[in-house]
Structures are given as C-alpha cells and as structure tokens.
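The structure under discussion appears below in the form of structure tokens.
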Amino acid sequence: MASLTQKKISISSEQKQFLENYRQWGFTDQSSIVREALTLFIRELKTNQRKTQMAQKARELISEYATDKELTGFTDLDGEDFL
C-alpha cells in the first residue's frame, strides 16, 4: 500500500454516524472505509470522463462517417448472422 497521509475533513452528522459503524460494513477502521469510498469515486469519475471523451470524438467524426463510403462499406452486413 502507498504511504498514507493524514487529512482533516468536515463531514455531516449522518456521515459521522456511518463511519462510526465501520465494523458493520466490514472495514477495519474508519479511514479504510473513507479510502475505499474515494477509490470507487475516483474510478467512477475517470470512467465518466472516458465516456464523455468518447462521445465527443464520436460527435466530431459523425460527419466524416456519413460521407466517407470506405467507412460505411460493411454497413450492408449489419444484422447478418455470421455463424
């Protein structure tokens, strides 16, 4: 595991109560549940960012796809069963 750094944060009463019940959720301490939550949140943000970038690239290329017959050559085969 990477070296850990302490950070003071402010949380709501509900979040505080949730953290105090860390054992109920299968965690060894309150910090481990916060680290896991942040890891999942970071992963979700990165996934959403990639999806947004892919959608943007698709929008940028749609006009080229619509006009370039080499890119649409296999469109006639859409829906065909290859097995």
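Here are the numbers for the structure shown:
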quantity: Relative packing of 28-38, 42-52, which averages over residues the other C-beta atoms within 10 Å, highest first; calculated: 28-38, 42-52
quantity: Those lysines that a straight Cα-Cα span of less than 24 Å connects to K7, excepting residues fewer than 8 apart in one chain; calculated: K16, K46
quantity: Dipole magnitude (debye, nearest 20) for the chain, charges at Cβ of Lys, Arg, Asp, Glu; calculated: 900
quantity: Helix 30-67 vs. the chain, principal-axis angle (Cα, 0 to 90°, nearest 10); calculated: 10
quantity: Structure-derived semi-axes √(5λ) of the Cα gyration tensor in Å: which label, when the choices are [x] 49, 17, 12; [y] 23, 18, 11; [z] 21, 17, 10; calculated: [x]
quantity: Calculated FRET value between E36 and Q56, using beta carbons and R₀ = 35 Å, to 0.05; calculated: 0.70
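Read-outs: derived from the displayed coordinates by stated rules, not from any lab. Keep in mind it's a predicted model, so treat the numbers as computed, not measured. Please note: Cβ atoms are built from the backbone with ideal geometry, for glycine as well, and neighbour counts cover all protein chains shown.
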